[in-house]
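This report refers to the structure that appears directly beneath it.
The values are calculated or read from the model by the stated rules, or taken from the named source; none is laboratory data. All of these numbers come straight from a predicted model, not from anything done at the bench. Heads up, the Cβs are rebuilt from the backbone with ideal geometry, glycines too, and the neighbour counts pull from every protein chain shown. Ligands, DNA and RNA are excluded from the accessible area calculation, which covers all protein heavy atoms including side chains. Shrake-Rupley method; radii C 1.70, N 1.55, O 1.52, S 1.80 Å.
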Amino acid sequence: MKTYLKSRALQKILIRKNKSQNWFAHRIEVSTGYMSQLMDGSRCPSPMVREKIMNNLPSYSFDDLFTIRG
């Protein structure tokens, strides 16, 4: 089973916060290229990256931000 980022949900969150995808990539300490891959679904976030995403968006649950497929 793999865990994917719900990119549409994250895009809406960032728009509401008036922040960019690049800003968020720097905030969670990943490259902008890797962030782009997470957003287009070609990469799955590691447990450490999932934790960083959730720590930076404490108002949202795991199920708000990620989906598990397998």
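Let me know the volume per residue of the alpha-carbon convex hull for the chain, in Å³. Enclosed volume per residue, from the Cα hull, is 76 Å³. Coupling constants for segment 48-54 follow from the phi torsions by the Karplus curve (6.51 cos²θ - 1.76 cosθ + 1.60, θ = phi - 60°), and in residue order they are 5, 5, 4, 5, 5, 4, 5 Hz; glycine and proline get x.
Per-residue accessible area (protein heavy atoms, 1.4 Å probe) orders Phe62, Phe24 as Phe62, Phe24, starting from the largest.
How many lysine pairs does the chain hold where the Cα atoms are under 18 Å apart and the two sit 8 or more places apart or on different chains? Please report the intermediate quantities before stating the final value.
Numbers: Lys2/Lys52; Lys6/Lys17; Lys6/Lys19; Lys6/Lys52; Lys17/Lys52; Lys19/Lys52.
Here the count comes out as 6.
Rounded to the nearest 20, the size of the Cβ-charge dipole of the chain about its Cα centre is 160 debye, with Lys and Arg at +1 and Asp and Glu at -1.
As a check on your grasp of the helix formula, calculate [θ] at 222 nm for the chain: sum -39500 (n - 2.57) over DSSP H runs of n ≥ 4, divide by the residue count, round to the nearest 500.
Computed mean residue ellipticity for the chain: -15500 deg cm²/dmol.
Where the accessible area of the chain is counted over protein heavy atoms with a 1.4 Å probe, how much of it, in %, is carbon and sulfur?
Working: 2110 of 4620 Å².
C and S fraction of accessible area: 46 percent.
At a 1.4 Å probe radius, which order do Ser7, Ser42, Ser36 fall into by accessible area, largest first?
Ranked from most to least accessible, the order is Ser42, Ser36, Ser7.
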